[in-house]
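Beneath this line is the structure, given in structure tokens, with notes to follow.
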Amino acid sequence: MGKSTCSFEGCDKNTMGLGLCSGHYHQQRKGKPLAPIKPKQTTEQRFWAKVKQAGDCWEWTGAATPKGYGNFRNGDAKTVGPHRWAYEALRAPIPPGLEIDHLCQNTLCVNPWHLEPVPTEVNNQRKPLQVTRLQVVCSEGHALDRENTYVQQSTGYRYCRICSRRRQSEYAARKRVA
């Protein structure tokens, strides 16, 4: 017995139940009026829909981490950095053991010609010199001077001591309540 197609006009997907495809079946189960199912976007379409090409940097407008790097779910449903995805899609595979360094220092930039694969040590050496040393205050406005700044040796990231103490106090208070 061959597979039958959805009874919704213009839909040629295989049926799941009640003569409807999965999408139309779920619409009916939820009490929604049946409507055409939008075709799934390709990985490339989803990626480029979240990129704003204005000027030299191509800004990622999708999800981002607290550290300012983008998040993108690739075709394998794995979360990757959109800058890594763009580099591999438009330039070349990233050699094993290397990270992508943003030469423009814009962590949301996905322009592959602003990116360079480098060893972790090189990437970490560049960060304090080009990014964090330019920052003179933290996001809360505290001075990032010698007395108020903690530098994590393994990454070169700088942290505000006042904000770190406040976060630790807030965490301890939440733990006491729980």
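The values are calculated or read from the model by the stated rules, or taken from the named source; none is laboratory data. From a predicted model like this one, the values you see are computed outputs, not experimental measurements. Quick reminder, even Gly has a Cβ in these numbers, built from the backbone with ideal geometry, and neighbours come from all protein chains shown.
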Next on the checklist: Being buried (at least 20 other Cβ atoms within 10 Å of the Cβ) and closer than 16 Å to Arg46 by Cβ is the filter here; which residues of region 85-111 pass it?
Outcome noted: Trp85, Ala86, Val110
Checklist outcome for this item: Restricted to region 74-84 and to residues being in contact (Cβ under 8 Å) with a residue 24 or more places away in the chain and buried (at least 16 other Cβ atoms within 10 Å of the Cβ), the residue farthest from Thr43 (Cα to Cα) is His83
Checklist entry - Regarding Asn124, is this residue out of contact with any Leu (no Cβ under 9 Å at 6 or more places or on another chain), crowded, with 16+ Cβ neighbours inside 10 Å, at pLDDT below 90 and within 16 Å of Glu44 (Cα to Cα)? => result no
Item to check | Every residue from region 1-16 that is at pLDDT below 85 and surrounded by 12 or more Cβ atoms within 10 Å (Cβ to Cβ) | outcome: Met16
